[in-house]
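Heads up: the structure comes next, in structure tokens.
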Amino acid sequence: MTTLAVLTSTMLEVAPGSQTTCELTLRNNGDVVEEYRFEVVGDAAPFAAVEPAVVSLYPGAETVVVVSFHPPRSGSVPAGELPFAVRVLPTEHPGSAVAPEGVLHVLPFTDTGAELTPRTSQGRRARHELAVDNRGNVPVTVQVAGGDPDGKLLVSPRPSILTVPPGQAVFARVVVRANSRLWRGQPVTHPFQVTVTADDGSRPIALDGAIVQNPVFSRTLARLVAGALALVLAGAAVWFLLLKPAVKSTAKESVRAPLTQVAEKADNAEQVAKEAKAKAEGSPPPPPPPVQPPATVHANYRFRLENLAANGATASGTPLTLGAKTSLSVTDMIFQAPQGDTGKVEVLVDGQVIMTLSLANFRDLDHHLGTPVDVPAGKTVTLRTTCTTAGAPLAGTSANNCRVWLLLTGVSHTAP
């Protein structure tokens with residue numbers, strides 16, 4: 001063998017965000033001047049470097065190069081042992097290439113963050129969203145708890161325990177409800193706090209929020225009710241004191257004469273009815289009532305669309321196609337993009353774009369439509385994704401792909 005390469009240390013240890021090095025001793029045992037190039041392969045290759053990158057050695061000469069590893073402080077590099085090898089590639093004798101091997105042990109670190117949105121809500125009952133980000137390189141389990149200093153609220157995280165993979169975010173809902181109703185007076189602001197405690201022993205994260213409770217009967221409503229009651233009482237007084245006696249006297253005079261005419265007409269009508277009854281006894285029975293056609297059937301509707309788009313590409317998933325007699329009124333659209341992708345997502349009805357969202361602005365979005373979106377019978381609803389940069393892949397899925405889900409809810413209308 002004309003090339004001899006030996007690592008001074010085959011077991012290295014490094015903390016993410018810092019650097020570690022080892023030396024590679026290289027000797028030319030051949031009989032010609034040889035130029036060597038170096039290439040680090042294995043899981044540690046993306047953050048490895050060799051200095052100098054190219055050396056030339058005379059026969060029998062040797063030198064030392066430095067192999068350095070600088071893993072980033074992020075969840076993209078998992079904690080644990082990463083095997084590597086340094087390939088030494090001679091130019092004159094490619095067949096004598098060697099690759100000494102080693103193991104790099106990446107130390108674990110934790111960096112957990114949390115965010116509560118919205119910070120302030122209104123009503124007796126409100127729903128907030130909690131996002132827990134794991135920026136470390138090991139999984140972390142957190143416990144979510146809520147409470148208020150005055151004991152006037154019930155704060156319920158759902159779920160209360162979350163396990164967050166490295167480099168990802170997990171979401172939970174926080175339901176806040178006032179213990180009692182506020183019947184009248186001014187709106188009252190109730191502060192509350194959500195605490196996120198990780199199992200790594202780090203300091204708990206405290207997130208402050210507030211709910212504004214409005215009174216059931218506001219001052220404006222009370223004034224309107226009082227004014228309406230006063231008008232009713234005034235109208236009743238005018239009727240009983242002024243209008244009712246005059247109307248009663250006029251009615252007696254005007255009804256007396258017509259009553260005589262009505263009595264005569266009643267006698268004539270009775271005679272005509274007797275004659276008509278006698279004729280009707282010999283006539284055929286009346287036809288049956290017409291049969292009413294079946295009515296349109298209305299039902300709650302849910303459908304899930306899924307889309308997968310590669311980096312730099314635009315893709316449309318399998319569309320929702322309505323039947324020839326079924327139309328749809330969409331009232332809610334729930335989007336999910338848990339990887340943290342960048343790009344845009346579009347919702348199309350019969351090929352026309354009705355909504356465009358940026359993937360960077362959400363990971364879980366519940367969009368309630370004030371005016372339902374009507375999809376005519378026989379038309380399609382399509383989810384189209386333009387993937388600029390895919391985020392960290394979900395566990396068990398392939399990388400370099402943007403993933404978006406859309407849940408449609410509403411009411412279907414099926415004609416007979």
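We did not get these values from a lab; they are worked out from the coordinates using the rules stated. Quick caveat, the model's predicted, so the values are computed rather than measured. Counting neighbours? That spans all protein chains shown, and the Cβs are built from the backbone with ideal geometry, glycine included.
Some notes on this structure:
- Here segment 3-106 is described by how far its Cα atoms reach on the three principal axes: 47, 20, 18 Å, from widest to narrowest.
- Candidates P416, L233, T189 compared by Cα position along the dipole of the chain: farthest toward the positive end lies L233, with charges placed on Cβ.
- Helical runs (DSSP H, four residues minimum) scored at -39500 (n - 2.57) apiece and divided by the length of the chain put the mean residue ellipticity at 222 nm at -5000 deg cm²/dmol.
- Across the alpha-carbon set of the chain, the Rg to Rh ratio works out to 1.32, Rh being the Kirkwood radius.
- Cβ-placed point charges (K, R +1; D, E -1), dipole of the chain about Cα centre in debye, nearest 20: 3560 debye
- Cysteines without a disulfide-compatible partner [the chain; Cβ-Cβ under 4.7 Å]: C22
- Once the C-beta distance of A234 and K152 is scaled by a Förster radius of 45 Å, the resulting FRET efficiency is 0.60 to the nearest 0.05.
- In the chain, taking the dipole from charged Cβ atoms about the Cα centre, the farthest positive-side position among P215, P338, P52 is held by P215.
- On Cα atoms only, tilt of 219-238 relative to the major axis of the chain in degrees: 10 degrees
- Per-residue extension of 0.36 nm, minus the Cα-Cα distance of E35 and S121, leaves a gain of 24.0 nm for this segment.
- Calculated FRET efficiency, E23 to D200, Cβ-Cβ distance, R0 = 30 Å: about 0.30 to the nearest 0.05.
- Share antiparallel - DSSP beta bridges, the chain, percent rounded to 5: 95 percent
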